[in-house]
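Asker: Before I ask anything, let me first share the structure, which is written out below as C-alpha cells.
Just so you know, all these numbers are worked out from the coordinates, no wet-lab data involved. As the structure is a computational prediction, the values presented were derived from the model and not from experiment. Glycine gets a Cβ as well: all are built from the backbone with ideal geometry, and neighbour counts include every protein chain shown.
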Amino acid sequence: MTEEGPAAAQRLIELATAEWVSRAVWAAAELGLADLMADGSRSADELARSCGAHTGALERLLRALVGVGVFRREADGRYGLTPLSEPMREGSPTTLRSLLRYVGGDNRRAWDEVLHTLATGRPAFERAFGASFFEHLTANPEAERLFADAMAERHRALDPVVAEAYDFTGVRTLVDVGGGHGFLAAAILRRNPGMRAILLDRPEVVAGAGPTLAAAGVADRVEVVGGDFFAGVPAGGDAYALGAVLYDWDDEQCVAILGNCRRAMGDGGRVLIAEIVIPTGDGPHYGKVLDLNIMVVFGGRARTEEEHRRVLGAAGLRLSRVIPTASRLSLVEAFRLGP
C-alpha cells in the first residue's frame with residue numbers, strides 16, 4: 001500500500017531534507033573527527049579544540065550524527081566511533097574519507113546547477129565550474145589528488161569482490177583499462193598467480209600505482225602504461241577489464257573505448273565491464289540514483305543490460321552474460337562479434 005495523507009507528507013519531507021544528513025557526514029569527514037577519536041572517546045570541547053571548531057556548534061553536529069548511528073555518545077558525554085564511522089578515519093584500512101570529501105565537495109556543487117542538465121542534457125558540472133569534469137581536474141591538482149584518492153578508496157573496497165566473481169582460467173594477460181592505481185589488477189593477480197597485467201590510465205594517475213601494486217606483492221607482474229584509452233589500448237591481452245570506467249562517458253565515447261579494446265585483443269579475447277547494471281522495473285535501486293549523479297557530473301550514464309548490449313554491439317562485441325557479485329557491481333562479459 002502506498003503512503004497517503006500525513007504519512008506521505010512526512011515521507012516527502014524526509015526525502016527533501018536527506019541532504020542535511022549527507023552534509024553533516026561531509027563536515028565530519030572534512031574536520032577529521034573520526035581520526036580524532038581513533039585512540040578513544042573525546043568530549044565535544046576536546047574535539048573542538050583539536051579541529052578548530054566552535055564547541056557548541058560541534059556538539060549539535062555530533063548529536064545529530066549520533067542519532068543516525070555515525071558516532072556514539074557515552075554515559076559521561078564523550079563521543080566515540082561506531083562501525084559506520086570507522087571508515088571515516090583516514091588511518092583506517094577501510095577508509096572512505098577522501099570519497100566522502102569528494103562527494104560533498106566539487107560533486108555536490110555540480111548539483112546546484114541540476115536544472116541546467118534537465119534543460120539542456122549537458123552536465124551541470126560544466127555550468128558550475130566553467131569546464132568539464134576532467135578539464136577541471138587537469139587545471140586543479142588538489143582536486144585531481146582528491147578524486148584519485150576517492151576512486152582508490154572505492155576500488156580498494158569493491159575490486160576484491162569483483163576478482164572473486166569471475167573464473168579467469170585461460171587469461172594469461174589482463175589489460176586493466178582506466179585502472180587508476182591498479183586495485184582491480186592487483187586483486188585479480190593475487191587470485192591468479194600465473195597471470196600478468198598491463199595497467200593503463202593517464203600518466204598522472206598511474207604514477208600513483210606503485211605502492212598499491214607493491215603492497216599486493218604483484219608489482220613484478222604488472223606493466224604500468226601512461227596513456228589515453230581514446231587513442232588506443234595495449235595490444236595482445238586475453239581480457240580487457242574496465243572497472244567503473246564506462247559510467248563516465250556517453251554512448252559514442254564508450255563505443256570508441258570498447259572499439260579500441262576489440263581491435264587490440266588477441267584471439268578469444270574478452271571484455272569485462274565491472275559496473276552497476278540497472279535492473280528492469282520501477283522499484284528502488286541505487287543504480288538509478290547513481291545514474292543521476294553521473295549525468296549531472298560527467299555526462300555519462302549507468303546502464304541497463306540492454307543498454308550495455310547496444311553499446312557493445314556498436315563496438316563489434318557480443319554481450320555473453322551478466323555475472324552478479326557480492327557487491328552492487330556486476331560483471332558484464334563480452335566477446336568479439338564476428339571475425
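Asker: So what is log10(I(q)/I(0)) for region 68-185 at q = 0.13, 0.18, 0.20 1/Å, when the Debye sum runs over its Cα atoms only?
Answerer: Cα-only, vacuum Debye calculation for region 68-185: -0.75, -1.04, -1.10.
Asker: Under a crude label model (7 Å from the Cα following the beta-carbon direction), how far is residue 30 from residue 43 in nanometres?
Answerer: It works out to 2.7 nm between the two label points.
Asker: One-quarter of the Cα convex hull surface for the chain, in nm²?
Answerer: On the way: hull surface 80.5 nm².
Its average projected convex-hull area is 20.1 nm².
Asker: Using a 7 Å offset from the Cα along the Cα-to-Cβ direction at both residue 157 and residue 225, what is the distance between the two label points in nm, to one decimal?
Answerer: Computed distance between label sites residue 157 and residue 225 equals 3.1 nm.
Asker: Convert each backbone phi in region 5-11 into a coupling constant with the Karplus relation 6.51 cos²θ - 1.76 cosθ + 1.60 (shift: θ = phi - 60°), then list the ³J(HN,Hα) values in order as whole Hz, x for Gly and Pro.
Answerer: x, x, 5, 5, 4, 5, 5
Asker: Using 1/(1 + (r/R0)^6) with R0 = 22 angstrom and r between the beta carbons of residue 326 and residue 305, what's the FRET efficiency to the nearest 0.05?
Answerer: According to the calculation, E is roughly 0.70.
Asker: Which value results when the Cα radius of gyration for region 101-141 is divided by 2.2 N^0.38 Å? Intermediate results must be reported in sequence, preceding the final value.
Answerer: On the way: Rg = 10.1 Å, N = 41, 2.2 N^0.38 = 9.0 Å.
Against the empirical 2.2 N^0.38 Å value, I get 1.12 for region 101-141.
Asker: Where the centroid of each part is defined by its Cα atoms, how far is region 182-223 from region 80-134 in Å?
Answerer: Spelled out, the Cα-based centre of one part sits 26 Å from the other.
Asker: Each label point is 7 Å from the Cα along the Cα-to-Cβ direction; what then is the distance between the points at residue 280 and residue 140, in nm?
Answerer: So the two model labels end up 4.2 nm from each other.
Asker: Net charge near residue 325: determine it from the other residues with C-beta under 12 Å of the C-beta of residue 325, scoring Lys and Arg +1 and Asp and Glu -1.
Answerer: With Lys, Arg at +1 and Asp, Glu at -1, the neighbours total -2.
Asker: Counting each DSSP H run of 4 or more residues in the chain as -39500 (n - 2.57), what helix-only mean residue ellipticity at 222 nm follows after dividing by all residues, to the nearest 500 deg cm²/dmol?
Answerer: -14000 deg cm²/dmol
Asker: For region 110-258, what's the radius of gyration and Dmax over Cα atoms, in angstrom?
Answerer: Spelled out, the Cα radius of gyration and Dmax of region 110-258 are 16.6, 52 Å.
Asker: In whole Hz and in residue order, list the ³J(HN,Hα) couplings for region 208-222 that follow from phi through the Karplus curve 6.51 cos²θ - 1.76 cosθ + 1.60, θ = phi - 60°; x for Gly and Pro.
Answerer: Result, ordered by residue: x, 7, x, x, 4, 5, 5, 5, 7, x, 10, 4, 6, 10, 10 Hz.
Asker: List the residues whose amide H sits under 5 Å from the amide H of residue 304, counting only those 5 or more places along or on another chain, with H placed 1.01 Å from N in the peptide plane.
Answerer: The answer is 278.
Asker: Give me the percent relative contact order of region 1-103, please, defined on Cα pairs under 8 angstrom at least 6 residues apart.
Answerer: 26
Asker: Let me ask something else. Once the piece of chain linking residue 64 and residue 15 is laid out straight, how much longer is it, given 0.36 nm per residue of separation minus the C-alpha distance between them?
Answerer: 16.0 nm is the gain from fully extending residue 64 to residue 15.
Asker: Taking only the Cα atoms of region 1-105, how large is their convex hull per residue, in Å³? Provide the component values of the computation, followed by the final result.
Answerer: Working: hull volume 14.3 nm³, N = 105.
Dividing the Cα hull volume of region 1-105 by its residues yields 136 Å³.
Asker: Apply the Karplus curve 6.51 cos²θ - 1.76 cosθ + 1.60, θ = phi - 60°, to the phi angles in region 24-33 and return the couplings in whole Hz, x for Gly and Pro.
Answerer: Couplings: 5, 5, 4, 4, 5, 5, 4, 6, x, 4 Hz.
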